[in-house]
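The values are calculated or read from the model by the stated rules, or taken from the named source; none is laboratory data. Since the structure is predicted, the reported quantities are computational estimates derived from the model, not experimental observations. Reconstructed Cβ throughout: ideal geometry from the backbone, glycine too, with neighbour counts over all protein chains shown. Quick note on the areas: whole protein, heavy atoms, side chains included, nothing else; ligands and nucleic acids left out. Shrake-Rupley method; radii C 1.70, N 1.55, O 1.52, S 1.80 Å.
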2 protein chains.
Amino acid sequence: MILDRSQVPQQFIDLFLNTIGLTDEEFELALKHFWREFIPKKFFYLKAGQICRQIAFLTKGCSRSFTTDEKGGEHILFFAFEDWIIGDMESIQTGKPGVLNIQAMEDCELMCIQKADMDKLENQLPKIKEWHIAKQQRALHVALRRLSEVKSLTPEERYNDLIIKYPQIFQRVPLQYIAMYLDIEPQSLSRLRKRICGK
Amino acid sequence: MILDRSQVPQQFIDLFLNTIGLTDEEFELALKHFWREFIPKKFFYLKAGQICRQIAFLTKGCSRSFTTDEKGGEHILFFAFEDWIIGDMESIQTGKPGVLNIQAMEDCELMCIQKADMDKLENQLPKIKEWHIAKQQRALHVALRRLSEVKSLTPEERYNDLIIKYPQIFQRVPLQYIAMYLDIEPQSLSRLRKRICGK
(Lines give C-alpha, C1' and ligand atoms only; values in the text may rest on other atoms or scores of the structure.)
Protein backbone atom coordinates (compact mmCIF):
# COMPACT_ATOMS: atom_id res chain seq x y z
CA MET A 1 0.00 0.00 0.00
CA ILE A 2 1.36 3.38 -0.97
CA LEU A 3 2.00 5.60 2.02
CA ASP A 4 -0.02 8.72 2.48
CA ARG A 5 2.10 11.78 3.26
CA SER A 6 0.38 12.09 6.62
CA GLN A 7 1.95 8.74 7.57
CA VAL A 8 5.44 9.91 6.70
CA PRO A 9 7.63 11.48 9.40
CA GLN A 10 8.28 15.17 8.82
CA GLN A 11 12.07 14.83 8.92
CA PHE A 12 11.91 12.21 6.16
CA ILE A 13 9.93 14.68 4.01
CA ASP A 14 12.42 17.45 4.90
CA LEU A 15 15.34 15.19 3.97
CA PHE A 16 13.98 14.56 0.48
CA LEU A 17 12.58 18.02 -0.24
CA ASN A 18 15.17 20.24 1.46
CA THR A 19 18.44 18.31 1.83
CA ILE A 20 18.23 16.24 -1.34
CA GLY A 21 16.25 18.93 -3.13
CA LEU A 22 13.54 16.87 -4.84
CA THR A 23 10.44 18.54 -6.23
CA ASP A 24 7.05 17.51 -4.82
CA GLU A 25 6.42 15.32 -7.88
CA GLU A 26 9.81 13.64 -7.56
CA PHE A 27 9.18 12.99 -3.86
CA GLU A 28 5.82 11.38 -4.63
CA LEU A 29 7.59 9.15 -7.14
CA ALA A 30 10.24 8.17 -4.58
CA LEU A 31 7.71 7.63 -1.81
CA LYS A 32 5.96 4.89 -3.77
CA HIS A 33 8.91 2.60 -3.07
CA PHE A 34 9.05 3.14 0.68
CA TRP A 35 7.22 1.43 3.49
CA ARG A 36 7.17 1.97 7.24
CA GLU A 37 8.48 -0.50 9.81
CA PHE A 38 8.19 -0.36 13.56
CA ILE A 39 10.68 -2.27 15.68
CA PRO A 40 9.71 -2.43 19.35
CA LYS A 41 12.41 -1.88 21.96
CA LYS A 42 14.73 -4.91 22.38
CA PHE A 43 13.50 -6.56 19.15
CA PHE A 44 15.92 -7.27 16.32
CA TYR A 45 15.79 -5.52 12.97
CA LEU A 46 18.52 -7.81 11.60
CA LYS A 47 20.35 -10.90 12.76
CA ALA A 48 23.78 -12.11 11.67
CA GLY A 49 23.47 -14.67 8.88
CA GLN A 50 20.47 -12.97 7.27
CA ILE A 51 20.74 -11.31 3.88
CA CYS A 52 19.99 -7.61 4.24
CA ARG A 53 18.06 -6.60 1.14
CA GLN A 54 16.72 -3.26 2.24
CA ILE A 55 17.97 0.17 3.20
CA ALA A 56 16.34 1.65 6.30
CA PHE A 57 16.15 5.29 7.34
CA LEU A 58 15.88 5.48 11.11
CA THR A 59 13.30 8.23 11.66
CA LYS A 60 12.73 7.63 15.38
CA GLY A 61 14.54 5.72 18.08
CA CYS A 62 17.96 4.30 18.63
CA SER A 63 19.58 0.99 17.69
CA ARG A 64 22.82 -0.85 18.30
CA SER A 65 24.78 -2.73 15.62
CA PHE A 66 26.90 -5.51 17.01
CA THR A 67 28.80 -8.65 16.12
CA THR A 68 29.23 -11.71 18.31
CA ASP A 69 32.33 -13.78 18.90
CA GLU A 70 32.60 -17.57 19.21
CA LYS A 71 31.95 -17.44 22.94
CA GLY A 72 28.75 -15.43 22.41
CA GLY A 73 30.33 -12.16 23.53
CA GLU A 74 28.73 -9.09 21.93
CA HIS A 75 30.74 -6.23 20.43
CA ILE A 76 28.96 -2.99 19.61
CA LEU A 77 30.29 -1.27 16.51
CA PHE A 78 27.81 1.60 16.38
CA PHE A 79 24.76 3.12 17.94
CA ALA A 80 22.40 4.71 15.43
CA PHE A 81 20.01 7.57 16.14
CA GLU A 82 17.53 9.59 14.12
CA ASP A 83 18.64 10.34 10.54
CA TRP A 84 21.04 7.40 10.33
CA ILE A 85 20.70 4.73 7.69
CA ILE A 86 20.85 1.27 9.23
CA GLY A 87 21.59 -2.14 7.73
CA ASP A 88 24.51 -4.44 7.00
CA MET A 89 26.11 -2.38 4.24
CA GLU A 90 28.25 -5.21 2.89
CA SER A 91 25.32 -7.62 2.77
CA ILE A 92 23.17 -4.97 1.04
CA GLN A 93 25.83 -4.51 -1.64
CA THR A 94 26.87 -8.11 -2.14
CA GLY A 95 23.54 -9.88 -1.54
CA LYS A 96 25.36 -12.33 0.75
CA PRO A 97 24.50 -13.12 4.40
CA GLY A 98 25.72 -10.41 6.76
CA VAL A 99 27.58 -10.47 10.06
CA LEU A 100 25.75 -7.68 11.86
CA ASN A 101 22.98 -7.85 14.43
CA ILE A 102 20.85 -4.73 14.73
CA GLN A 103 18.66 -4.39 17.80
CA ALA A 104 16.29 -1.60 18.81
CA MET A 105 17.38 0.16 22.03
CA GLU A 106 14.13 2.16 21.99
CA ASP A 107 10.94 1.73 19.99
CA CYS A 108 12.16 2.45 16.47
CA GLU A 109 10.43 3.77 13.38
CA LEU A 110 11.97 3.14 10.00
CA MET A 111 11.31 4.15 6.43
CA CYS A 112 12.49 1.24 4.29
CA ILE A 113 13.21 0.66 0.64
CA GLN A 114 14.39 -2.41 -1.25
CA LYS A 115 17.99 -2.12 -2.44
CA ALA A 116 16.87 -2.83 -6.03
CA ASP A 117 14.27 -0.03 -5.87
CA MET A 118 16.83 2.36 -4.42
CA ASP A 119 19.12 1.57 -7.37
CA LYS A 120 16.29 2.28 -9.82
CA LEU A 121 15.37 5.48 -8.01
CA GLU A 122 18.98 6.67 -8.08
CA ASN A 123 19.03 6.24 -11.84
CA GLN A 124 15.73 8.06 -12.25
CA LEU A 125 16.59 10.85 -9.82
CA PRO A 126 20.33 11.65 -9.87
CA LYS A 127 19.92 14.01 -6.90
CA ILE A 128 19.17 10.98 -4.74
CA LYS A 129 22.23 9.22 -6.09
CA GLU A 130 24.49 12.19 -5.33
CA TRP A 131 23.13 12.40 -1.82
CA HIS A 132 23.50 8.66 -1.24
CA ILE A 133 27.12 8.69 -2.44
CA ALA A 134 27.91 11.57 -0.07
CA LYS A 135 26.14 9.70 2.75
CA GLN A 136 28.24 6.59 2.09
CA GLN A 137 31.40 8.66 2.09
CA ARG A 138 30.43 10.04 5.49
CA ALA A 139 29.74 6.48 6.67
CA LEU A 140 33.30 5.60 5.61
CA HIS A 141 34.66 8.56 7.61
CA VAL A 142 32.61 7.54 10.65
CA ALA A 143 33.86 3.95 10.39
CA LEU A 144 37.49 5.06 10.03
CA ARG A 145 37.19 7.46 12.95
CA ARG A 146 35.61 4.79 15.09
CA LEU A 147 38.40 2.38 14.17
CA SER A 148 41.02 4.97 15.01
CA GLU A 149 39.25 5.71 18.31
CA VAL A 150 39.03 2.02 19.28
CA LYS A 151 42.70 1.56 18.50
CA SER A 152 44.24 4.67 19.97
CA LEU A 153 42.09 6.30 22.66
CA THR A 154 41.93 5.43 26.34
CA PRO A 155 38.52 4.48 27.79
CA GLU A 156 38.25 7.95 29.35
CA GLU A 157 38.98 9.66 26.03
CA ARG A 158 36.45 7.41 24.26
CA TYR A 159 33.89 8.25 26.95
CA ASN A 160 34.49 11.99 26.52
CA ASP A 161 34.17 11.70 22.74
CA LEU A 162 30.94 9.78 23.10
CA ILE A 163 29.20 12.31 25.33
CA ILE A 164 30.33 15.16 23.09
CA LYS A 165 28.86 13.36 20.06
CA TYR A 166 25.71 12.11 21.82
CA PRO A 167 25.01 14.17 24.94
CA GLN A 168 21.68 12.36 25.46
CA ILE A 169 23.07 8.85 25.23
CA PHE A 170 22.84 8.03 28.96
CA GLN A 171 19.15 8.96 28.86
CA ARG A 172 18.54 6.66 25.89
CA VAL A 173 20.83 3.66 26.16
CA PRO A 174 21.32 1.44 29.24
CA LEU A 175 24.74 1.81 30.82
CA GLN A 176 25.69 -1.82 30.15
CA TYR A 177 25.54 -1.23 26.39
CA ILE A 178 27.50 2.00 26.60
CA ALA A 179 30.15 0.09 28.57
CA MET A 180 30.14 -2.59 25.85
CA TYR A 181 30.58 0.11 23.17
CA LEU A 182 33.50 1.60 25.13
CA ASP A 183 35.03 -1.84 25.84
CA ILE A 184 35.05 -1.37 29.58
CA GLU A 185 33.28 -3.06 32.46
CA PRO A 186 29.95 -1.46 33.54
CA GLN A 187 31.42 -0.89 37.02
CA SER A 188 34.39 0.97 35.56
CA LEU A 189 32.05 3.11 33.49
CA SER A 190 30.03 3.99 36.60
CA ARG A 191 33.22 5.00 38.42
CA LEU A 192 34.44 6.98 35.40
CA ARG A 193 31.13 8.86 35.21
CA LYS A 194 31.17 9.69 38.90
CA ARG A 195 34.74 10.91 38.69
CA ILE A 196 34.15 13.06 35.60
CA CYS A 197 30.74 14.39 36.63
CA GLY A 198 32.03 15.07 40.14
CA LYS A 199 34.85 17.31 38.89
CA MET B 1 54.56 16.95 -17.81
CA ILE B 2 52.13 14.52 -19.33
CA LEU B 3 53.11 10.92 -18.74
CA ASP B 4 54.06 8.73 -21.62
CA ARG B 5 52.31 5.35 -21.56
CA SER B 6 55.69 3.62 -21.23
CA GLN B 7 56.04 5.31 -17.83
CA VAL B 8 52.71 4.01 -16.62
CA PRO B 9 52.56 0.68 -14.72
CA GLN B 10 50.77 -2.03 -16.68
CA GLN B 11 48.26 -2.77 -13.90
CA PHE B 12 47.22 0.88 -13.88
CA ILE B 13 46.54 0.67 -17.63
CA ASP B 14 44.68 -2.62 -17.12
CA LEU B 15 42.58 -1.07 -14.36
CA PHE B 16 41.38 1.74 -16.59
CA LEU B 17 41.01 -0.21 -19.83
CA ASN B 18 39.76 -3.57 -18.54
CA THR B 19 38.20 -3.09 -15.10
CA ILE B 20 36.77 0.40 -15.61
CA GLY B 21 36.28 -0.19 -19.33
CA LEU B 22 37.58 3.08 -20.80
CA THR B 23 38.41 3.31 -24.49
CA ASP B 24 41.99 4.18 -25.44
CA GLU B 25 40.97 7.78 -26.13
CA GLU B 26 39.23 8.09 -22.78
CA PHE B 27 42.28 6.65 -21.02
CA GLU B 28 44.55 9.20 -22.72
CA LEU B 29 42.21 11.93 -21.51
CA ALA B 30 42.29 10.58 -17.95
CA LEU B 31 46.05 10.05 -17.96
CA LYS B 32 46.68 13.77 -18.54
CA HIS B 33 45.64 14.43 -14.94
CA PHE B 34 47.90 11.83 -13.32
CA TRP B 35 51.47 12.04 -12.19
CA ARG B 36 53.86 9.51 -10.69
CA GLU B 37 55.28 9.67 -7.18
CA PHE B 38 57.96 7.49 -5.63
CA ILE B 39 58.09 7.16 -1.87
CA PRO B 40 61.26 5.45 -0.64
CA LYS B 41 60.93 2.87 2.13
CA LYS B 42 60.36 4.41 5.59
CA PHE B 43 59.50 7.85 4.13
CA PHE B 44 56.11 9.39 4.74
CA TYR B 45 53.53 9.96 2.03
CA LEU B 46 51.30 11.84 4.49
CA LYS B 47 51.55 13.15 8.02
CA ALA B 48 48.74 13.85 10.45
CA GLY B 49 47.75 17.51 10.33
CA GLN B 50 48.37 17.86 6.59
CA ILE B 51 45.50 18.42 4.18
CA CYS B 52 45.33 15.49 1.77
CA ARG B 53 44.37 16.95 -1.61
CA GLN B 54 45.18 14.04 -3.84
CA ILE B 55 44.07 10.49 -4.49
CA ALA B 56 46.90 7.98 -4.89
CA PHE B 57 46.78 4.58 -6.58
CA LEU B 58 49.43 2.36 -5.02
CA THR B 59 50.90 0.55 -8.02
CA LYS B 60 53.92 -0.94 -6.26
CA GLY B 61 54.95 -1.44 -2.66
CA CYS B 62 53.26 -1.49 0.69
CA SER B 63 52.34 1.22 3.19
CA ARG B 64 50.95 1.50 6.68
CA SER B 65 48.27 4.01 7.73
CA PHE B 66 48.40 4.87 11.41
CA THR B 67 47.29 7.35 14.01
CA THR B 68 49.22 8.41 17.09
CA ASP B 69 47.94 8.92 20.61
CA GLU B 70 48.91 11.63 23.09
CA LYS B 71 51.82 9.59 24.41
CA GLY B 72 53.22 9.12 20.90
CA GLY B 73 52.01 5.51 20.63
CA GLU B 74 51.31 4.42 17.05
CA HIS B 75 48.16 2.53 16.04
CA ILE B 76 48.03 0.90 12.61
CA LEU B 77 44.61 0.97 11.01
CA PHE B 78 45.55 -0.59 7.67
CA PHE B 79 48.33 -1.89 5.55
CA ALA B 80 47.90 -1.11 1.86
CA PHE B 81 49.32 -3.16 -0.99
CA GLU B 82 49.21 -2.98 -4.78
CA ASP B 83 45.87 -1.80 -6.21
CA TRP B 84 44.79 0.01 -3.06
CA ILE B 85 43.97 3.69 -3.07
CA ILE B 86 45.77 5.48 -0.25
CA GLY B 87 45.11 8.81 1.44
CA ASP B 88 43.17 10.31 4.32
CA MET B 89 39.68 9.87 2.87
CA GLU B 90 38.01 12.31 5.24
CA SER B 91 40.61 15.01 4.59
CA ILE B 92 40.30 14.44 0.82
CA GLN B 93 36.53 14.94 1.02
CA THR B 94 36.38 17.79 3.51
CA GLY B 95 39.57 19.67 2.59
CA LYS B 96 40.44 19.82 6.30
CA PRO B 97 43.67 18.59 7.95
CA GLY B 98 43.68 14.82 8.39
CA VAL B 99 44.57 12.52 11.27
CA LEU B 100 46.36 9.77 9.36
CA ASN B 101 50.05 9.14 8.87
CA ILE B 102 50.94 7.06 5.84
CA GLN B 103 54.44 5.62 5.69
CA ALA B 104 56.07 3.45 3.01
CA MET B 105 56.99 -0.02 4.31
CA GLU B 106 58.72 -0.77 1.00
CA ASP B 107 59.76 1.52 -1.87
CA CYS B 108 56.37 2.63 -3.17
CA GLU B 109 55.20 3.79 -6.58
CA LEU B 110 52.02 5.81 -6.84
CA MET B 111 49.86 7.21 -9.59
CA CYS B 112 48.36 10.40 -8.19
CA ILE B 113 45.58 12.76 -9.17
CA GLN B 114 44.28 15.96 -7.58
CA LYS B 115 40.88 15.49 -5.93
CA ALA B 116 39.48 18.38 -8.03
CA ASP B 117 40.70 16.74 -11.26
CA MET B 118 39.25 13.38 -10.20
CA ASP B 119 35.88 15.11 -9.67
CA LYS B 120 36.07 16.65 -13.16
CA LEU B 121 37.09 13.35 -14.69
CA GLU B 122 34.21 11.55 -12.99
CA ASN B 123 31.80 14.01 -14.55
CA GLN B 124 33.36 13.65 -17.98
CA LEU B 125 33.66 9.86 -17.82
CA PRO B 126 30.80 8.32 -15.80
CA LYS B 127 32.46 4.89 -15.96
CA ILE B 128 35.20 6.22 -13.69
CA LYS B 129 32.59 7.61 -11.33
CA GLU B 130 30.74 4.28 -11.12
CA TRP B 131 33.99 2.45 -10.43
CA HIS B 132 35.06 4.98 -7.80
CA ILE B 133 31.72 4.73 -5.99
CA ALA B 134 32.02 0.93 -5.92
CA LYS B 135 35.60 1.24 -4.68
CA GLN B 136 34.49 3.54 -1.86
CA GLN B 137 31.74 1.10 -0.92
CA ARG B 138 34.33 -1.67 -0.68
CA ALA B 139 36.49 0.65 1.44
CA LEU B 140 33.52 1.03 3.79
CA HIS B 141 33.14 -2.76 4.00
CA VAL B 142 36.87 -3.17 4.70
CA ALA B 143 36.70 -0.52 7.43
CA LEU B 144 33.64 -2.11 9.03
CA ARG B 145 35.17 -5.57 8.91
CA ARG B 146 38.39 -4.29 10.40
CA LEU B 147 36.42 -2.58 13.17
CA SER B 148 34.49 -5.75 13.85
CA GLU B 149 37.74 -7.75 13.89
CA VAL B 150 39.45 -5.35 16.28
CA LYS B 151 36.46 -5.46 18.60
CA SER B 152 35.59 -9.14 18.57
CA LEU B 153 38.49 -11.41 17.56
CA THR B 154 41.26 -12.77 19.74
CA PRO B 155 44.87 -11.98 18.72
CA GLU B 156 45.20 -15.53 17.34
CA GLU B 157 42.05 -15.16 15.23
CA ARG B 158 43.25 -11.77 13.97
CA TYR B 159 46.61 -13.31 13.11
CA ASN B 160 44.95 -16.14 11.17
CA ASP B 161 42.75 -13.69 9.28
CA LEU B 162 45.74 -11.57 8.40
CA ILE B 163 47.80 -14.39 6.90
CA ILE B 164 44.78 -15.64 4.93
CA LYS B 165 44.28 -12.14 3.51
CA TYR B 166 47.97 -11.36 2.98
CA PRO B 167 50.03 -14.57 2.88
CA GLN B 168 53.17 -12.61 1.94
CA ILE B 169 52.93 -10.09 4.74
CA PHE B 170 55.77 -11.49 6.86
CA GLN B 171 58.07 -11.23 3.84
CA ARG B 172 57.09 -7.61 3.28
CA VAL B 173 56.43 -5.97 6.63
CA PRO B 174 58.71 -6.10 9.71
CA LEU B 175 57.26 -8.15 12.55
CA GLN B 176 57.06 -5.16 14.92
CA TYR B 177 54.51 -3.46 12.64
CA ILE B 178 52.45 -6.61 12.23
CA ALA B 179 52.38 -6.88 16.03
CA MET B 180 51.26 -3.24 16.21
CA TYR B 181 48.49 -3.95 13.68
CA LEU B 182 47.36 -6.96 15.72
CA ASP B 183 47.64 -5.04 19.02
CA ILE B 184 50.00 -7.53 20.59
CA GLU B 185 53.59 -7.40 21.79
CA PRO B 186 56.22 -8.43 19.20
CA GLN B 187 57.37 -11.23 21.55
CA SER B 188 53.82 -12.60 21.76
CA LEU B 189 53.55 -12.53 17.98
CA SER B 190 56.83 -14.47 17.66
CA ARG B 191 55.53 -17.09 20.11
CA LEU B 192 52.18 -17.24 18.32
CA ARG B 193 53.88 -17.77 14.94
CA LYS B 194 56.11 -20.53 16.32
CA ARG B 195 53.16 -22.28 17.89
CA ILE B 196 50.97 -22.04 14.78
CA CYS B 197 53.74 -22.80 12.27
CA GLY B 198 54.99 -25.66 14.45
CA LYS B 199 51.63 -27.40 14.51
Roughly how many debye, to the nearest 20, is the charge dipole of the protein assembly as shown about its Cα centre, given +1 on each Lys and Arg Cβ, -1 on each Asp and Glu Cβ, and no other charges?
1380
Gain upon complete extension [B:Glu25, B:Cys197; 0.36 nm per residue less C-alpha separation]
56.8 nm
Provide an ascending nm list, one decimal, of label-point separations from B:Thr23 to the equivalent residue in each further copy; define each label point as 7 Å from Cα along Cα→Cβ.
3.3
For chain B, averaging the sequence separation of alpha carbon pairs under 8 Å that lie six or more residues apart and dividing by its residue count, the contact order in percent is 22
Tell me whether region B:87-189 comes out rounded, prolate or oblate; compute the Cα gyration tensor, take square roots of the eigenvalues as a ≥ b ≥ c, and use a/c under 1.5 as the rounded threshold.
prolate
Using only Cα atoms, locate the centre of region A:155-199 and the centre of region B:9-82, then give the distance between them in Å, rounded to an integer.
38
If one builds a Gaussian network model of chain B from Cα atoms under 10 Å apart, the most fluctuating residue listed among B:Lys129, B:Lys41, B:Lys165 is B:Lys165
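What do you get when you divide the Cα radius of gyration of region A:1-68 by 2.2 N^0.38 Å, with N the number of residues? Intermediate values should be presented prior to the final figure.
Values: Rg = 14.3 Å, N = 68, 2.2 N^0.38 = 10.9 Å.
Compared with the compact-globule rule of thumb, region A:1-68 sits at 1.31.
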What would the Debye equation give as log₁₀ I(q)/I(0) for chain A at q = 0.10, 0.16 Å⁻¹, counting only Cα atoms as equal point scatterers?
-0.47, -1.10
If N is the number of residues in region B:105-148, what value comes out of its Cα radius of gyration divided by 2.2 N^0.38 Å?
1.47
Sequence-separation-based contact order of region B:36-87, relative, with Cα cut under 8 Å and 6+ spacing, percent:
36
Round to the nearest 10 and give me the degree value, 0 to 90, for the angle of helix A:115-124's Cα axis relative to the longest principal axis of chain A.
50
Candidate residues B:Arg172, B:Arg64: accessible-area rank, largest first, probe 1.4 Å:
B:Arg172, B:Arg64
Grab the other residues whose beta carbon is less than 15 angstrom from that of A:Arg146, score K and R as +1, D and E as -1, and report the net.
+3
Per residue of A:131-143, how many C-beta atoms from partner chains lie within 10 Å of its own C-beta, taken as a mean?
5
For the protein assembly as shown, the Cα-Cα pair-distance distribution in 10 Å bins from 0, as whole percents, is 4, 20, 28, 27, 16, 4, 0
Cα principal axis extents for region A:47-140, largest first, Å:
46, 28, 21
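Can you give the local net charge around A:Glu157? Use residues other than it whose beta-carbon is closer than 11 angstrom to its beta-carbon, Lys and Arg +1, Asp and Glu -1. Provide the component values of the computation, followed by the final result.
Numbers: positive: A:Arg158; negative: A:Glu149, A:Glu156, A:Asp161, B:Asp69, B:Glu70.
It works out to a net charge of -4.
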Of A:Asp24, A:Asp117, A:Asp69, which is the most mobile in a GNM of chain A whose springs link Cα atoms less than 10 angstrom apart?
A:Asp69
Quote to one decimal, in nm, the extra length available between A:Gln11 and A:Thr94 on full extension: 0.36 nm per residue of separation minus the C-alpha distance between them.
26.9 nm
Copy-to-copy spacing for A:Phe170, label 7 Å out on the Cα-to-C-beta vector, in nm, shortest first?
4.8
How much mean residue ellipticity at 222 nm does chain A get from its helices, if each DSSP H run of length 4 or more adds -39500 (n - 2.57) and you divide by all residues, to the nearest 500 deg cm²/dmol?
-13500 deg cm²/dmol
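Over the whole of A:73-80, what's the average partner chain Cβ count within 10 Å per residue? Rounded to a whole number, please. Don't jump to the answer; show the numbers that get you there.
Working: counts 2, 2, 7, 2, 6, 2, 0, 0.
Counting other chains' Cβ atoms within 10 Å and averaging over A:73-80 gives 3.
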Among A:Arg138, A:Arg158, what's the order by accessible area (1.4 angstrom probe), most exposed first?
A:Arg138, A:Arg158
May I ask you to report, in nm to one decimal and beginning with the shortest, the distances from A:Gly95 to the same position in the other copies, taking label points 7 Å along Cα-to-Cβ?
4.0
Expressed as a whole number, the average count of other chain Cβ atoms within 10 Å around the Cβ atoms of A:151-158 is 4
All lysines inside 20 Å of B:Lys115 as judged from Cα atoms, apart from same-chain residues fewer than 8 positions distant:
A:Lys129, A:Lys135, B:Lys32, B:Lys47, B:Lys96, B:Lys127, B:Lys129, B:Lys135
